[in-house]
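Submitted below is the structure of interest, expressed as structure tokens.
The values are calculated or read from the model by the stated rules, or taken from the named source; none is laboratory data. It should be emphasised that the depicted structure is a prediction, and the values quoted were computed from it without experimental measurement. A quick note on method: Cβ atoms are made from the backbone with ideal geometry, for glycine too, and the neighbour counts reach across all protein chains shown. All accessible areas refer to the heavy atoms of the entire protein, side chains included, with ligands and DNA or RNA removed. Shrake-Rupley method; radii C 1.70, N 1.55, O 1.52, S 1.80 Å.
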Amino acid sequence: MIGSLRHLRFSAPVTHIYNPLVYARDGYERYLRRFGSTTKAVVLVGMNPGPFGMAQTGVPFGDVEMVTGWMGIHASVEQPRAPHPKRPVLGFACRRSEVSGRRLWGWARQRFGTADNFFSRFFVLNYCPLVFMEESGRNRTPDKLPASEKKGLFAICDHALQQAIEIYRPQWVIGIGGFAEKRAVAALVDMEIRIGRISHPSPANPRANKGWANLVETELSAMGVDWLSE
């Protein structure tokens, strides 16, 4: 996947691209070895890394405090090839909180207790591993890319998601937000697997700001996934 992504080109307004699978590989591999070595009942799929989460730690939704304190992961982080001056990579020294990550992993901690208990049934990954930034430092999500650029990117990401699902053999693939759900439906069309969606925990989502943990409990229960927390 990494080799294929290197050949892609993206136009303005995108000026900087981070791939934490490269410069934060140590954190990502520790996450996989620690929690991703068994089959899962549910795979939760996010969109792409956040600037203060996976972009810093290499762990999906990887808020530093949650990654170190709850997951027990500490790792070395290098630098992206062309860092954006307004989006420095400080790795595990980053003091900014990733709100989406704090909400996601905070819910998992509250509901399942230990990380081992949660990951015995669930796994979390991102559909796209790249962070796209504009000249101002603003994030540009993959769904906002031109159609011609999405085509090549999505083909690579679809294939990677298919491979992950073949490995983890889950009963459910659940998109964290509408984009991830749509991509899962498209990528896994030939697989006999149940696909659902939960609301994204981002502060940009008004519903998430009214109690995301309770919201996601309701959504999982409606899908019949609540039994996994027993």
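Could you please state, rounded to a whole Å, how far the C-alpha centre of the range 116-135 is from the C-alpha centre of the range 33-81?
Going from one Cα centre to the other spans 7 Å.
By the scheme Lys and Arg +1, Asp and Glu -1, what is the net charge of all other residues having a beta-carbon under 9 Å from that of His16?
Details: positive: Arg87; negative: Glu134, Glu135.
Taking every other residue near His16 into account, the sum is -1.
Something else about it: Output the Cα-based Rg and Dmax of the range 77-142 in Å, rounding Rg to one decimal and Dmax to a whole number.
Final numbers for Rg and Dmax: 15.1, 42 Å.
Between Ala213 and Ser4, what length comes free when the chain is fully extended (0.36 nm per residue of separation minus the Cα-Cα distance, one decimal in nm)? All intermediate terms of the calculation are to be shown ahead of the outcome.
Values: separation 209, 0.36 × 209 = 75.24 nm, distance 3.66 nm.
Separation in residues times 0.36 nm, less the Cα-Cα distance, equals 71.6 nm.
Related question: By how many nm would the segment from Ala204 to Arg34 grow when fully extended, if each residue of separation counts as 0.36 nm and the alpha-carbon distance is taken off? Walk me through the numbers on the way to the answer.
Details: separation 170, 0.36 × 170 = 61.20 nm, distance 3.08 nm.
Stretched fully, the Ala204-Arg34 segment lengthens by 58.1 nm.
Given a Förster distance of 25 angstrom, what is the FRET efficiency for Gln162 paired with Arg81, based on the Cβ-Cβ distance and rounded to 0.05? Write down the numbers at each step before the final one.
On the way: r = 28 Å, r/R0 = 1.12.
E between Gln162 and Arg81, to the nearest 0.05, is 0.35.
To continue, here is another question. Could you calculate the contour length gain from Val22 to Met191, that is, 0.36 nm times the residue separation minus the distance between their Cα atoms, to one decimal place in nm? Before the final figure, lay out the partial values.
Numbers: separation 169, 0.36 × 169 = 60.84 nm, distance 2.95 nm.
Residue separation times 0.36 nm, minus the Cα-Cα distance, leaves 57.9 nm.
Anyone know which of Val216, Val189, Val14 comes out most mobile in the 10 Å Cα GNM of the chain?
Val189
Suppose we flag trypsin sites (Lys or Arg not before Pro) only when DSSP calls them loop and at most 10 other Cβ atoms lie within 10 Å. Which is the longest uninterrupted stretch of the chain? All intermediate terms of the calculation are to be shown ahead of the outcome.
Numbers: sites that count: Arg9, Arg95.
The segment 96-230 is the longest one with no such site.
With a cap of 16 neighbouring Cβ atoms within 10 Å, and only residues DSSP puts in a loop, list the GluC sites (Glu not before Pro) found in the range 55-109. Working shown, then result.
Numbers: sites: Glu65, Glu78, Glu98; in loops: Glu78, Glu98.
Filter output for the range 55-109: Glu78.
Sticking with this structure for a sec: For the pairs Lys40/Lys182; Lys40/Lys150; Lys86/Lys144; Lys86/Lys151; Lys40/Lys210, flag any whose C-alpha to C-alpha distance is greater than 23 Å. Please list the in-between numbers first.
On the way: Lys40/Lys182 21 Å; Lys40/Lys150 29 Å; Lys86/Lys144 21 Å; Lys86/Lys151 29 Å; Lys40/Lys210 30 Å.
Correct reply: Lys40/Lys150; Lys86/Lys151; Lys40/Lys210.
Can you tell me what share of the DSSP beta bridges in the chain is antiparallel? A percent to the nearest 5 is fine. Write out the running numbers ahead of the final one.
On the way: 6 of 20 bridges.
Antiparallel: roughly 30 percent of the beta bridges in the chain.
Given a 1.4 angstrom probe, what's the average accessible area per residue across the range 154-204, in square angstrom?
Working: 2510 Å² over 51 residues.
With the other protein chains kept in place, the range 154-204 gives 49 Å² per residue.
Taking N as the number of residues in the chain, what is its Cα Rg relative to 2.2 N^0.38 Å? Spell out each step's value before the answer.
Numbers: Rg = 16.6 Å, N = 230, 2.2 N^0.38 = 17.4 Å.
Against the compact-globule rule of thumb, the ratio is 0.95.
Could you do me a favour and compute the accessible area per residue for the range 1-74, 1.4 Å probe, result in Å²? Write down the numbers at each step before the final one.
Working: 2860 Å² over 74 residues.
Dividing the accessible area of the range 1-74 by its residue count gives 39 Å².
Okay, next question. Give, rounded to the nearest 20 debye, the magnitude of the charge dipole that the chain has about its Cα centre when Lys and Arg contribute +1 at Cβ and Asp and Glu contribute -1 at Cβ.
Working: 29 positive and 20 negative charges, 99 e Å.
Roughly 480 debye, rounded to the nearest 20.
Next question, about the same structure. Using only the heavy atoms of the protein chains and a 1.4 Å probe, how would Asp26, Asp190 rank by accessible area, largest first? List each step's numbers first, then the result.
Numbers: Asp26 40, Asp190 145 Å².
The residues order as Asp190, Asp26, largest area first.
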